[in-house]
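Data first, discussion second: the structure below is written as structure tokens.
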Amino acid sequence: MKQVFAMFLIIFIVQSAAETLFEVKDSSDHTVLNVSTDGLAVMNQGDTIMVISTTEIKAVIDDSKALSRKFSVSTTSAKKGVYTDLFDVTLGSATMRGGSFGERYADFSPQNMFLGLDAGVATTPSGTTSGQFNVFLGNNAGITNYSGYRNVFIGENAGRKNYSGYANLIIGHNAGYNNTGSQNLFIGGSAGYDNTTGYLNTYVGNAAGYKQTSGYYNTYLGYTPAYYKTGGNENTILGSFAGLNNSSGSGNVFIGYSAGYNEAGSNKLYISNSDTSTPLIHGDFSAGNIGLGKLASTSYRLDVLHSTSAGNFEANSYGTATRGLYARAYNGTSSNYGIFASASGAGTNYAGYFSGNVYVTGNLYANDYIEFKSDHPLDPGNKILSHSSVSSNEMLNVYSGNVVLDEEGNAIVEMPDWFEAYNAEFRYQLTGIGSSAPGLFVSEELKGGRFGIGGGNPGMKVSWMVTAVRNDNYAKSNPIQIVSDKKDNEKGYYLTPEVFGKSIDIGIENMYEREAGKKQNE
């Protein structure tokens, strides 16, 4: 028989015309093997199921006749039942196996694509979506997935325990290892490792959100951000080690390396580049406040601190009043500005505009006069009336009034009980009204809260004015220094260079603005 087959094979090789050289038929007279000049064909009930020729090797799989057919590649040990097929192709899928026990490492079908040892091995497609449209790449990726659908798992053990979760994108070794939730995005080794029921979360970075088991709408980005969080919702944590120890807080925003590292609460804002209790920016969303340079107090909407010794400010208390902005500065070796503001350009410019009362606890300095504006009393709709403040080289108080002289041309003017405690060095002015009073004079100087007027006409109205120098403890401790040297760094610079015909570039204010800009750019 072998000799006959060899003879026909030789004829097949040398023949140029396509003709049958040899046939084998079954008991029903169906050809099961056909050797022709075109090649070798294996047939079943008249259907060609495999062709080997000089142009192709083809296996034809057709289940139209209710036949279960597949194309397989096996090892020699398969015939002993020890080993399964290494490569199977059926009408609906292609599967590859390997290892000592024939573990599956590839399975491609119209429903799913699995590549990796036992990737998606438990997935069972059914209905229209259940267990379908998944892509798992990596050993044991989605190994326990049963009905989950529209998932993408890439990496060894990625989405390993996902059973029914759907629409997850998980990339990285052990990323989403315990995930059973849905619509999560985990990228990075062990990112979202312990997530079970959490959904709609985004964790990007090695071990990002590692221990978070539940929660939703969380976004973590960096190396191990929120590593020890086990719960909490709606957190945004960006930066390596940021929010590391926040276990279950919600509504937090931590931005920067180690920002909010040990913050345990909810609704907090931290922007910093270290684990610090005085971040660059800190806020409390529940109280609606924000702090710059320290932890924001609930009594301030904006709390700003610049200090080389924060403790210097803790003793400064202004009661329980709510402050929209609280700015402080302290440095023992330089000038300090709690708020530094400037405005320039076309039109009207105000470095600060206050609608309401302004309270000053210390001295008020001005390079120029202080101007007071009000609606013009005769044309309030169209004009402004301006008045300048009165300047002096002393801390002066001015008091005035009117008095009517008695029948002897005298009068006593009563002053408040605090007058002499608050003032000293009294100066007097008297003016008669209605007629001349050449003999009008101060008959008694201030003493015991009163002073006397004499020498006037009986019944005359007299206007009086007393000017005094402040004599309270604050004034005595803070006397006016009329002439002072400019600081070393301010010498050669002007408060108002333009009025001396100089460029504004040598203005003191411009100098400090340039220095502030340099520090921001460093």
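Just one of (1) closer than 23 Å to Gln481 by Cα; (2) modelled with pLDDT under 80; (3) surrounded by 10 or more Cβ atoms within 10 Å (Cβ to Cβ) trips up Ile370, so point out which.
(2)
Out of the residues in the range 496-518 that are among the hydroxyl-bearing types (Ser, Thr, Tyr) and in a loop (DSSP other than H, G, I, E, B), state the one that is nearest to Asn367 (Cα to Cα).
At the first step, the residues of the range 496-518 found to be among the hydroxyl-bearing types (Ser, Thr, Tyr) are 496, 503, 512.
Then keep just the ones that are in a loop (DSSP other than H, G, I, E, B); that gives 496, 503.
On the way: Thr496: 8, Ser503: 17 Å.
Top of the filtered list is Thr496.
Return the residue satisfying two criteria in turn: it lies in the range 408-424 and is outside any loop (DSSP other than H, G, I, E, B) and farther than 30 Å from Tyr474 by Cβ, and of such residues it is farthest from the chain's Cα centre (by Cα). Talk me through it step by step, then tell me what you get.
Filtering the range 408-424 for residues outside any loop (DSSP other than H, G, I, E, B) gives 411-414, 419-424.
Next cut, farther than 30 Å from Tyr474 by Cβ only: 411-412.
Values: Ala411: 73, Ile412: 70 Å.
For the range 408-424, the residue satisfying everything is Ala411.
Looking only at the range 476-495, filter to residues that are part of a helix (DSSP H, G or I) and either among the acidic types (Asp, Glu) or touching a Pro at 6+ places or on another chain (Cβ under 8 Å) (or both); which one of those is farthest from Gly432 (Cα to Cα)?
Asp488
Anything in the range 224-262 that is more than 15 Å from the chain's Cα centre (by Cα) and more than 21 Å from Ser190 (Cα to Cα)? List them, or say none. Steps first, please.
Just the residues of the range 224-262 that are more than 15 Å from the chain's Cα centre (by Cα), to begin with: 224, 227-233, 244-249, 262.
Correct list: Gly249, Asn262.
Can you name the residue in the range 196-207 that is polar (S, T, N, Q) and within 23 Å of the chain's Cα centre (by Cα) and is also farthest from Asn162 (Cα to Cα) among such residues? I'd like the intermediate steps shown before the answer.
So in the range 196-207, the residues polar (S, T, N, Q) come out as 196-197, 201-202, 206.
Next, from what is left, pick out any that are within 23 Å of the chain's Cα centre (by Cα): 201-202, 206.
Values: Asn201: 15, Thr202: 17, Asn206: 20 Å.
Selected residue: Asn206.
Residue check, Ser272 against (1) at pLDDT 70 or above; (2) out of contact with any Leu (no Cβ under 9 Å at 6 or more places or on another chain), all met but one. Which one?
(2)
Select, from Glu444, Glu420, Glu408, the only residue that is buried (at least 16 other Cβ atoms within 10 Å of the Cβ) and acidic (Asp, Glu). Before the answer, list the steps.
On the way: Glu444 fails: buried (at least 16 other Cβ atoms within 10 Å of the Cβ); Glu408 fails: buried (at least 16 other Cβ atoms within 10 Å of the Cβ).
Just one listed residue meets the conditions, Glu420.
The values are calculated or read from the model by the stated rules, or taken from the named source; none is laboratory data. All values reported here derive from a predicted model rather than from experimental measurement. Here the Cβ is made from the backbone with ideal geometry for all residues, glycine too, and neighbour counts use every protein chain on show.
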